[in-house]
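One structure below.
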Amino acid sequence: MKKQAMNKRYWLKTLLIVMACCYLGKSAIAQTIIIATKSNSLIFKVDRNNHLQQAWFGEKLQSSQAADTSMYKDLPAFNPAFPSGGMGYVFEPAIQVTHADGNPSLDLNYIESSVEKENEDVSITHIQLKDAVYPFYVTLHFKACKNENVVEEWATIRHEEKSPVTLNRYASSFLTLSANNFYLTHFYGDWASEMKYEETKLPEGIYNIQSKLGTRATNYEVPSFMISPDKPADENHGNVFAGSLAWSGNFNLQFENIRSNGHAGNSLKLIPGINAYASAYLLKPKEIFNTPHFIFTWSTTGKGQASRNFHQWALNYGVWNGHQKRQTLLNNWETTFFNFTQDTLVKLFDGAKKIGVDVFLLDDGWFGNKHPRHGDTAGLGDWQANKKILPDGIQYLVKQAAQKDIKFGIWVEPEMVNPKSELYEQHPEWVLKLPNRPVNLSRNQLVLDLTNPKVQDFVFGVLHNLLTENPGIAYIKWDCNRFMTNTYSNYLASNQQALYVDYARGFYNVLERVRKEFPDLEMMLCSGGGGRAEYGALKYFNEFWASDNTDPVERIFIQWGYSYFFPAATVCDHVTNWGNESLKFKIDVAMQGKLGFDININRLTEKEIQFCRSAVDNYKRLQDVLNYGSLYRLIAPYNSSIASLMYVDSSRKKAVVFNYNMNVHHGDTYQNIIFEGLNPDKKYEVKEINLPEETGSAFRQSGKIFDGDFLMKEGLTWYLNGALTSSILEVTEVDK
Ligand code: DGJ
């Protein structure tokens with residue numbers, strides 16, 4: 001019996017040793033994981049310590065050696081794929097946690113990887129990592145969009161410890177670029193001056209671009225950037241990394257530029273993610289924490305291609321119904337502000353009809369009864385039509401619009417509340433507001449607490465009720481006019497550090513529900529101008545309001561800035577009373593994006609109305625190429641007083657070129673307009689369009705046939721004369 005027991009023990013021990021050896025053997029077998037798009041690849045290797053390392057990122061390695069593990073045996077030890085804090089990695093980590101027992105370290109080992117093919121274009125690679133000791137798991141996900149050359153990366157974090165683990169840092173991605181210098185193109189701005197940019201050589205050390213604004217998170221800094229390793233890239237030359245974090249809350253883009261003569265080499269670590277500021281997140285056992293997606297691309301032919309990759313990705317996967325035909329519209333905001341009646345609105349419908357737009361969009365000021373919304377001081381939160389202004393309700397307006405053969409759209413700002421409102425009187429506990437501190441209003445309003453599921457129900461209900469009680473509403477403008485300050489949630493009580501993250505999630509929960517119920521509704525994301533220009537929210541919206549600044553010269557710059565990351569179909573550009581430029585100049589600039597008007601059409605002359613009408617007709621006729629064509633930025637407005645850009649459709653048979661003279665001076669000389677994206681072997685007719693009746697074509701050769709090759713090499717001589725003039729050229733392939 002004793003011998004038998006000993007034998008049993010012996011065999012058990014041997015089995016355990018064999019299993020351990022197998023396990024160690026398995027972990028010692030280095031693995032290579034390749035994430036590839038049409039032109040680029042990202043390669044990971046599992047090193048002999050079972051840690052995941054980044055082996056390659058950039059232009060696709062065509063050679064079969066890409067998959068050969070031995071090629072990476074001399075991999076720098078400090079190219080970790082997702083470094084954790086607390087152990088050997090001494091630079092900024094991607095993740096740092098405090099375990100339930102207080103241990104502040106993480107040692108992530110490779111477990112396994114798998115690939116899920118969604119379709120011919122998209123495959124998702126999942127790489128599972130686990131702490132060597134603790135039941136703590138991180139899965140990295142890489143969604144590769146082959147034709148777009150874009151990858152989306154995010155991480156899933158969970159654990160099975162006994163009590164909550166604190167997530168102190170939790171990036172979405174961690175990528176290494178190797179070079180001696182790095183040039184960062186960084187986008188920033190403020191209200192009415194969105195999407196400026198500058199290119200800076202990154203200093204050694206850590207450079208952060210971040211937001212702590214909660215709502216309106218992109219008001220100052222934008223979570224989209226480009227990096228050119230070694231030397232600055234231009235539109236058509238040079239290597240460019242372009243990235244964007246899809247998150248509608250506090251973000252942090254960290255760039256750690258490491259100059260080390262040892263293990264790290266000269267490298268730049270890109271660490272984009274949620275800003276952990278005041279947000280050490282308590283993750284309960286088995287709860288799943290998904291980080292936001294970080295979207296990135298790589299171009300070896302300059303910034304232009306990087307932008308086109310982003311545009312294609314956005315239309316196919318990034319925004320809601322990217323290919324849905326956008327509706328042109330007339331907005332009443334700058335015509336009436338808060339001052340309108342049912343009858344004045346119905347009269348304005350005639351203007352929309354006259355210029356041929358699809359939708360009349362009713363802006364702020366239509367709601368509130370006990371506290372009417374006659375200005376921005378009251379009514380926000382009370383989403384019932386004001387009985388004095390609109391005695392017959394919204395449905396009457398929808399019907400009147402339909403009778404005039406246009407559609408009706410409406411403005412809401414459902415995340416906000418004025419203290420002077422019935423909603424606030426009934427639910428003072430639903431706002432974000434610090435105890436024991438003076439209340440901090442901005443535009444006289446407070447932010448509703450979207451961490452609270454009851455508030456989420458309310459906000460969803462605003463949309464649900466409006467759209468179901470008034471069937472036929474064809475357009476929503478969703479505004480958000482303040483960022484968070486003095487923030488505290490009654491609902492979260494002792495868990496305030498979850499506030500910023502859970503707010504954004506609450507916002508997405510509501511949007512999920514809205515989209516489930518109203519998938520075909522066209523929705524514009526607005527935030528006091530462009531305060532929410534990022535892909536986290538745009539997943540649920542078709543388009544966004546770019547800026548309250550609609551002065552067309554300023555718009556040339558703002559729209560240029562957006563064009564680096566957002567396709568034209570998503571950037572709402574309106575013709576308004578801002579600026580003294582001609583109506584033609586204003587319309588030409590607005591036609592560059594998603595066209596709308598915000599002027600009182602009934603005050604225009606008959607000739608002006610006819611001009612608007614013909615421009616809208618041109619826009620609709622060319623909408624496919626204008627909204628979905630490939631963008632080529634030809635002459636930037638920054639270094640001279642002219643600008644030029646063009647869109648080319650996928651067949652290369654049709655293109656539209658926009659040319660602008662800004663504040664030009666006599667004697668100035670300009671470069672030729674060198675076209676791009678055409679077929680050099682084909683011939684094209686180049687014709688000026690959008691000409692007011694009395695004006696002849698500024699382009700003397702209008703209607704002439706050119707070789708594609710000529711247009712793309714010699715191009716056209718700059719032909720615009722005088723300050724604040726503009727011209728649109730329609731380019732059509734011909735068989736001659
Ligand atoms: C800010 C937006 O940017 C404007 O277009 C307008 O909708 C106002 N809010 C209304 O309050």
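If you filter the range 646-669 down to residues that are assigned to a loop (DSSP other than H, G, I, E, B) and closer than 18 Å to Ile556 by Cα, you find that the one that is most open to solvent (accessible area, probe 1.4 Å) is Asn663. The combined condition, being within 16 Å of the ligand (Cβ to nearest atom) and in a strand (DSSP E or B), is not fulfilled by Leu380. From the list Leu177, Leu184, the one residue that fits, being hydrophobic (A, V, I, L, M, F, W, C), under 30 Å from Gly528 (Cβ atoms) and not in a loop (DSSP other than H, G, I, E, B), is Leu184.
Scan (1) away from the ligand (no atom under 16 Å from the Cβ); (2) of a type outside the set (S, T, N, Q); (3) open to solvent by 60 Å² or more (accessible area, probe 1.4 Å) for the single condition Leu432 breaks and write down its number. Single failed check for Leu432: (3).
Taking the conditions (1) more than 16 Å from the ligand (Cβ to nearest atom); (2) touching a strand residue (DSSP E or B) at 6+ places or on another chain (Cβ under 9 Å) in turn, Thr605 satisfies each one other than (2).
Among the candidates Leu678, Leu691, Leu711, the residue that is at pLDDT 95 or above and closer than 27 Å to Phe611 by Cα is uniquely Leu691. Applying a threshold of 9 Å to beta carbon distances and a minimum spacing of six or more residues, or different chains, the list of pairs starting in the range 528-545 at a residue that is without any contact (Cβ under 8 Å) to a residue 40 or more places away in the chain and under 17 Å from Gln324 (Cβ atoms) and ending at one that is assigned to a loop (DSSP other than H, G, I, E, B) and within 10 Å of the ligand (Cβ to nearest atom) reads Phe544/Cys526. Regarding Ala217, is this residue under 23 Å from His311 (Cβ atoms), surrounded by fewer than 23 Cβ atoms within 10 Å (Cβ to Cβ), in contact (Cβ under 8 Å) with a residue 60 or more places away in the chain and aliphatic (A, V, I, L, M)? In short, no.
The residues listed here are Asn440, Asn436, Asn465; of these, the one that is part of a helix (DSSP H, G or I) and modelled with pLDDT of 95 or more is Asn465. Within the range 366-379, none of the residues are in contact with a strand residue (DSSP E or B) (Cβ under 6 Å, 6 or more places away or on another chain) and touching a residue at least 60 places away in the same chain (Cβ under 8 Å). A Cβ distance below 7 Å, combined with a sequence gap of six or more or placement on separate chains, defines the contacts here; from the range 610-636, residues that are touching a residue at least 24 places away in the same chain (Cβ under 8 Å) and open to solvent by 50 Å² or more (accessible area, probe 1.4 Å) reach residues that are part of a helix (DSSP H, G or I) and hydrophobic (A, V, I, L, M, F, W, C) in the pairs Arg613/Ile355; Tyr628/Leu315; Tyr628/Ala569. Looking across the range 500-531 at every residue that is open to solvent by 10 Å² or more (accessible area, probe 1.4 Å) and hydrophobic (A, V, I, L, M, F, W, C), the one that is nearest to the ligand (Cβ to nearest atom) is identified as Leu521.
Scanning the range 250-293 for residues that are in contact with a helix residue (DSSP H, G or I) (Cβ under 7 Å, 6 or more places away or on another chain) and surrounded by 16 or more Cβ atoms within 10 Å (Cβ to Cβ) yields Asn250, Ile274, Ser279, Ala280, Tyr281, Pro292. Lys347 fulfils the conditions (1) open to solvent by 50 Å² or more (accessible area, probe 1.4 Å); (2) in a helix (DSSP H, G or I); (3) within 15 Å of the ligand (Cβ to nearest atom) except for a single criterion, (3).
Hey, does the range 568-578 have a residue that's out of contact with any strand residue (DSSP E or B) (no Cβ under 8 Å at 6 or more places or on another chain) and either within 15 Å of the ligand (Cβ to nearest atom) or in contact (Cβ under 8 Å) with a residue 40 or more places away in the chain (or both)? Yes, because at least one residue in the range 568-578 is out of contact with any strand residue (DSSP E or B) (no Cβ under 8 Å at 6 or more places or on another chain) and either within 15 Å of the ligand (Cβ to nearest atom) or in contact (Cβ under 8 Å) with a residue 40 or more places away in the chain (or both). Cβ-Cβ contacts under 7 Å between residues 6 or more apart (or on different chains), taken from a first residue in the range 506-521 that is without any contact (Cβ under 8 Å) to a residue 60 or more places away in the chain to a second residue that is part of a helix (DSSP H, G or I), are listed as Gly506/Gln456; Asn509/Gln456; Arg513/Phe460; Val514/Phe460; Val514/Leu463; Glu517/His464; Phe518/Leu467. Of a type in the set (A, V, I, L, M) and modelled with pLDDT under 95 - does that describe any residue in the range 162-182? Among the residues of the range 162-182, at least one is of a type in the set (A, V, I, L, M) and modelled with pLDDT under 95, which makes the answer yes.
Of the residues making up the range 355-369, one or more are open to solvent by less than 50 Å² (accessible area, probe 1.4 Å), within 16 Å of the ligand (Cβ to nearest atom) and more than 28 Å from Cys612 (Cα to Cα). Being under 10 Å from the mean Cα position of the chain (by Cα) and more than 16 Å from the ligand (Cβ to nearest atom) is the filter here; which residues of the range 532-541 pass it? Within the range 532-541, Glu534, Tyr535, Gly536, Leu538, Lys539 qualify.
Of the residues making up the range 693-720, those that are closer than 21 Å to Met662 by Cα and touching a strand residue (DSSP E or B) at 6+ places or on another chain (Cβ under 7 Å) are Ser697, Ala698, Phe699, Gly715, Leu716, Trp718, Leu720. Return the pairs, sorted by first residue and then second, in which the second residue is at pLDDT 95 or above and open to solvent by 20 Å² or more (accessible area, probe 1.4 Å), the first residue lies in the range 307-334 and is of a type in the set (Phe, Trp, Tyr), the beta carbons are less than 7 Å apart, and the residues are 6+ apart or on different chains. From residues that are of a type in the set (Phe, Trp, Tyr), the pairs are Trp320/Lys539. The set of residues from the range 247-278 being of a type in the set (Val, Ile, Thr), touching an Asp or Glu at 6+ places or on another chain (Cβ under 9 Å) and either at pLDDT 95 or above or not in a strand (DSSP E or B) (or both) comprises just one member, Ile271. Within the range 451-492, restricting attention to residues that are open to solvent by less than 50 Å² (accessible area, probe 1.4 Å) and of a type in the set (Val, Ile, Thr), the residue that is farthest from the ligand (Cβ to nearest atom) is Thr451. All told, Gly409 meets the bar of being closer than 14 Å to Leu329 by Cβ and either in contact (Cβ under 8 Å) with a residue 12 or more places away in the chain or in a strand (DSSP E or B) (or both). Filtered by the rule that a residue be more than 15 Å from Asn481 (Cβ to Cβ) and within 32 Å of the chain's Cα centre (by Cα), the range 404-418 gives Ile406, Lys407, Phe408, Gly409, Ile410.
Right, Ser244: buried (at least 22 other Cβ atoms within 10 Å of the Cβ), in a strand (DSSP E or B) and not acidic (Asp, Glu) or not?
yes
Would you confirm, using the coordinates I've provided, whether Phe544 is among the aromatic types (Phe, Trp, Tyr), within 16 Å of the ligand (Cβ to nearest atom), within 28 Å of Glu198 (Cα to Cα) and modelled with pLDDT of 95 or more?
Here the answer is yes, as Phe544 does meet what is asked.
Only one of the numbered conditions (1) closer than 30 Å to Phe518 by Cβ; (2) part of a helix (DSSP H, G or I) is violated by Gln305, and that is (1).
The values are calculated or read from the model by the stated rules, or taken from the named source; none is laboratory data. Everything numeric here is computed off the predicted structure, so don't read it as measured data. When we count neighbours, we look across all protein chains shown, and the Cβ atoms used for this are built from the backbone with ideal geometry, even at glycine. Heavy atoms of the whole protein, side chains included, go into the accessibility calculation; ligands, DNA and RNA do not. Shrake-Rupley method; radii C 1.70, N 1.55, O 1.52, S 1.80 Å.
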